[in-house]
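The values are calculated or read from the model by the stated rules, or taken from the named source; none is laboratory data. Bear in mind the structure is a predicted one, so any value in this text is a computation, not a measurement. With ideal geometry, Cβ positions are generated from the backbone for all residues, glycine too; neighbour counts draw on all protein chains shown. Please note that ligands, DNA and RNA were not included when accessible areas were found on the heavy atoms of the full protein model with its side chains. Shrake-Rupley method; radii C 1.70, N 1.55, O 1.52, S 1.80 Å.
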Amino acid sequence: MMGSKSYTLKIELILSARMDMTVNLEQILGTVELLLHNQSPAHDFQHILRVYRNAEMISKKEEGADLDIVLAAALLHDLVVYPKGSTKTINSADESAEIAKKILSEYKWYPAEKIEKVVDVIRIHSYSKKLTPSTLEGKILQDADRLDAIGAIGIARTFSVGGSENRSLYNPKDPFCESDRKLDDTRWTLDHIKKKLLILKNSMYTKTAKEIAEQRTDFIESFLKQLRTEILYRGSGQQ
């Protein structure tokens, strides 16, 4: 059973957007929580809540986005998540979009004319598909989702995925890929930080997300600096 603090957080997240919306999201929230029960930590219900929070914050600062679309898409964007090592990973967004369409179609209170827009926003959000959104709502969801892939939470999620895939933390001969070897994040988790996390800030669309991404990327750089010290420590005051 969920604790009262977590329950209160969920209600606050939904109510905070209510004045700018025409729909009620509690029912969607409950459905998503059930569907993501026991999902892997990197893409669990807490990830959904963080992306929702990011999307709401960006929408209110940028202005002009339809919150009915943005926030419904944020709640439904990761209903299907295949393991990173799976060849099906690229299908996750499309399959999530199809399930989202079925869910929203069952809710008579959700505007029918907005369902396809939510579906499109979810389909295009995937990083691996490298698609460029044409709408503000699509840009906001991409930004909101990618912000959760960087900073402290991004580092935590990266090592969580690495553990689930049984990858080594880093290449023992060249932890920070400073030789001529190619980055290989299928074997070394630390390679993924350099291959993806450090460059994600360059893919943000909104001014709000760009500013936050810069701050979170600075944190990753600080983490790597400390990690270098610990990995290469020789005990003689020299690294």
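In the stretch 121-139, the residues that are closer than 18 Å to Lys210 by Cα and open to solvent by less than 40 Å² (accessible area, probe 1.4 Å) form Cβ pairs under 8 Å with partners that are of a type in the set (Asp, Glu) and part of a helix (DSSP H, G or I), at six or more places apart or across chains, as follows: His125/Asp145; Gly138/Asp120. Every residue in the stretch 186-210 that is surrounded by fewer than 18 Cβ atoms within 10 Å (Cβ to Cβ) and either of a type in the set (S, T, N, Q) or within 17 Å of the chain's Cα centre (by Cα) (or both), please. Within the stretch 186-210, Thr186, Lys195, Leu198, Ile199, Asn202, Ser203, Lys210 meet the criteria.
The set of residues in the stretch 34-73 being within 19 Å of Ile153 (Cβ to Cβ), open to solvent by 10 Å² or more (accessible area, probe 1.4 Å) and in a helix (DSSP H, G or I) consists of Pro41, His43, Phe45, Gln46, Arg50, Arg53, Asn54, Glu56, Met57. Looking at Ser164, Ser179, Ser160, which is the one that is surrounded by fewer than 18 Cβ atoms within 10 Å (Cβ to Cβ), of a type in the set (Ser, Thr, Tyr), more than 16 Å from the chain's Cα centre (by Cα) and within 29 Å of Leu131 (Cβ to Cβ)? Matching residue, one of Ser164, Ser179, Ser160: Ser164. Screening the stretch 218-236 for residues that are modelled with pLDDT under 95 and open to solvent by 70 Å² or more (accessible area, probe 1.4 Å) and picking the one that is nearest to Ala152 (Cα to Cα) gives Tyr233. In the stretch 79-105, of all residues being in a loop (DSSP other than H, G, I, E, B), without any contact (Cβ under 8 Å) to a residue 60 or more places away in the chain and not aromatic (Phe, Trp, Tyr), the one that is nearest to Leu34 (Cα to Cα) corresponds to Leu79.
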